[in-house]
Amino acid sequence: MATLKINDINKNFGKTEVLKGINLDIKHGEFLVLLGPSGCGKSTLLNTIAGLETSNSGDILIDDHNVNNMEPSDRDIALVFQSYALYPAMTVRKNVTFGLEQRKTPKEKIEKALNDVSNLLQITQLLDRKPSQLSGGQRQRVAMGRALVRDPKIFLFDEPLSNLDAKLRVEMRREIKKLHQKLGTTIVYVTHDQTEAMSLGTNIAIMDHGLIQQCDTPKNIYNKPESVFVADFIGSPS
Ligand code: ADP
Ligand code: MG
């Protein structure tokens, strides 16, 4: 189980208000897409949920526990970025298992987790390669494997496909969807791509200038936009 509540989060960088009172109530197993134009505060919100940024006010609750003062590593959250940040000198195997080894996870458990995740993501053939010997799509799979292997309660994705070409993007989108159906993990997925949002989200939160403009099912967002901004951004018929 993992629910995620975001209660009235405010965040300033200097005098700039980047998050202006964000509220979201994310249910267990929900795939929430956070959609909005560049610079509206999506990454800042994800980083605040992950604990990489500290908010000026407001609360983050995971399973109704306040995690405001919890270290990122204790939050049971995995964050996948657009830049894969794999360790270039390590093999794929090591990249995936490194985090578990650091936590002194027993060897057999690491082996099993590695096996499960490599099968799921179809990277078993790549385990002995270095990141430089992988394609963009393969690197993204490894980055996802590294997140998945920890069996986190919540997955955060920050524009994970934006560095891939169009064809691969569609393919990976399909795989992320499958993965969610299989694992049922709670996901918050950031994108500025309307098509991606529509095809992935069980719910979509439209964000602009540090505020959630509307949070609803893809169908309602498209058919019943509550503002001109939402209608324009999503391309609803007027
Ligand atoms: P998005 O992910 O939606 O493109 P960001 O959350 O990255 O937006 O950024 C929101 C706003 O906050 C932007 O105006 C950006 O310039 C500003 N910002 C982000 N990070 C910092 C930072 N560390 N210091 C100062 N300003 C920042
Ligand atoms: Mg961003």
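The values are calculated or read from the model by the stated rules, or taken from the named source; none is laboratory data. For clarity, every value in this text was computed on a predicted model and none was experimentally measured. Virtual Cβ from ideal backbone geometry, glycine too; neighbours counted across all protein chains shown.
Cβ separations smaller than 7 Å between residues 6+ apart or across chains give the following pairs from the range 80-107 residues that are over 12 Å from R146 (Cβ atoms) to residues that are surrounded by fewer than 17 Cβ atoms within 10 Å (Cβ to Cβ): Q82/S162; Q82/N163; P88/K130; P88/S132; T91/D128; T91/R129; T91/K130. Hey, could you check the range 10-27 for residues that are more than 16 Å from ligand 2 (Cβ to nearest atom) and under 20 Å from N203 (Cα atoms) and say which is surrounded by the fewest Cβ atoms within 10 Å (Cβ to Cβ)? Within the range 10-27, the match that is surrounded by the fewest Cβ atoms within 10 Å (Cβ to Cβ) is K27.
Considering only the range 139-151, I want to know if a residue exists there that is of a type in the set (S, T, N, Q) and surrounded by fewer than 22 Cβ atoms within 10 Å (Cβ to Cβ). Within the range 139-151 (the criterion being of a type in the set (S, T, N, Q) and surrounded by fewer than 22 Cβ atoms within 10 Å (Cβ to Cβ)), the answer is no, since none of the residues qualifies. Just one of the listed residues (L34, L45) is part of a strand (DSSP E or B) and within 16 Å of ligand 2 (Cβ to nearest atom), namely L34. A single entry from S83, S57, S43 fulfils the requirement of being at pLDDT below 95, out of contact with any helix residue (DSSP H, G or I) (no Cβ under 8 Å at 6 or more places or on another chain) and of a type in the set (G, A, S): S83. From the list P237, P160, P225, the lone residue that is under 19 Å from the mean Cα position of the chain (by Cα) and assigned to a loop (DSSP other than H, G, I, E, B) is P160. For the range 166-190, the set of residues classified as at pLDDT 95 or above and either small (G, A, S) or within 16 Å of ligand 2 (Cβ to nearest atom) (or both) consists of V188, Y189, V190, listed by residue number.
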